[in-house]
1. Can you pull the Rg over Rh of the range 43-200, Cα-only, Kirkwood?
2. I'd like the orientation of helix 166-196 relative to the chain: the angle between its Cα long axis and the longest Cα principal axis, in ° from 0 to 90, rounded to 10.
3. Say we join alpha carbon atoms closer than 10 Å with springs in a Gaussian network model of the chain; which of GLY130, GLY50, GLY112 then has the biggest fluctuation?
4. Roughly how many Å² is the accessible area per residue of the range 36-189, as a whole number, for a 1.4 Å probe?
5. Going by a ≥ b ≥ c, the root eigenvalues of the Cα gyration tensor, does the range 1-85 fall in the rounded group (a/c under 1.5), the prolate group (a/b larger than b/c) or the oblate group?
6. I'd like the carbon and sulfur percentage of the solvent accessible area for the range 10-53, probe radius 1.4 Å, heavy atoms only, ligands and nucleic acids excluded.
7. Most mobile of GLU73, GLU150, GLU23 per a Gaussian network model of the chain (Cα springs, under 10 Å)?
8. Any idea what the dipole of the chain comes to, in debye rounded to 20, about its Cα centre with Lys/Arg Cβ at +1 and Asp/Glu Cβ at -1?
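The values are calculated or read from the model by the stated rules, or taken from the named source; none is laboratory data. All figures in this text were calculated on a predicted structure; none of them were measured in a lab. Methodologically, a virtual Cβ is constructed for each residue, glycine included, from the backbone with ideal geometry; neighbour enumeration extends over all protein chains shown. Ligands, DNA and RNA are stripped out before the accessible areas are found, and what is left, the full protein with its side chains, is counted by its heavy atoms. Shrake-Rupley method; radii C 1.70, N 1.55, O 1.52, S 1.80 Å.
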Amino acid sequence: MKKKLAKFLASDKRPEGTMSLTELYGFLFAICAAPEPVQTQEWIEVVFNGGDPRYKSEDKKVKIEAALVSAFEEVSEQIHSDQPLLPKCCKVLSPPMENFEEISSLAYWADGFFDGYDWLSDVWHSSIKGDLRVTVNSAVTSMVYFSHREGAREFCAKSLNQHLSKAHWAQVSVDKLPSAMATYARIGRTLAHTFTHKEPVVKEIKLGRNEPCYCGSGLKYKRCCMNA
């Protein structure tokens with residue numbers, strides 16, 4: 001089904017800006033490792049750049065969306081088993097500088113990942129601070145270093161020592177990629193767990209003695225639950 005999904009995404013019938021299969025996997029890595037859950041239809045819309053996928057039938061829509069969800073579940077399973085991996089469609093080239101080439105699948109994976117991270121950046125910013133933010137930014141830098149996206153390049157420029165060569169940072173990014181993916185996924189998973197199990201906030205009710213009791217009895221607070 002992956003081949004059919006790849007063909008569907010690559011068709012010129014899809015909206016301009018639709019992700020390729022490799023971009024999709026990078027994007028899904030960012031989505032699955034996010035501190036807060038994202039609704040399926042929300043991220044599917046982003047895959048197609050907010051445009052109409054132009055399914056030729058309802059059956060085709062069901063099959064394509066099932067394939068997208070299957071890819072999501074594949075990435076999610078890796079993240080939750082603490083074994084995040086690049087997809088088989090993404091190859092790391094050697095020497096590392098070759099990963100900047102237009103045909104580099106790692107560059108397209110990085111594009112997709114940056115799209116997802118940038119889309120959810122406000123969620124990350126509200127969830128982390130201090131040393132943890134430094135750790136996440138370092139991991140993101142390694143994962144987006146080869147991206148074609150201008151925003152990703154600006155992000156890296158702010159994080160790296162510009163006195164060292166591009167070739168140096170290319171080698172560092174390739175070497176750090178597995179640990180960067182694991183670190184990013186682990187932090188995101190931990191934050192997501194915290195978000196899911198967050199206790200509801202119960203505000204203390206403060207009433208005047210002569211106000212109607214909050215229990216709905218119709219009696220004044222002093223005659224009802226005040227002394228309970």
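1. Numbers: Rg = 17.1 Å, Rh = 17.2 Å.
Looking at the range 43-200, the ratio lands at 0.99.
2. For helix 166-196, the angle is close to 20 degrees.
3. With Cα springs under 10 Å in the chain, the top fluctuation among GLY130, GLY50, GLY112 is at GLY130.
4. Values: 8430 Å² over 154 residues.
Result: 55 Å² of accessible area for each residue.
5. prolate
6. On the way: 760 of 1890 Å².
Ligands and nucleic acids excluded, carbon and sulfur reach 40 percent.
7. Of GLU73, GLU150, GLU23, the Gaussian network model singles out GLU150 as fluctuating most.
8. Details: 29 positive and 28 negative charges, 166 e Å.
Here the size comes out at about 800 debye.
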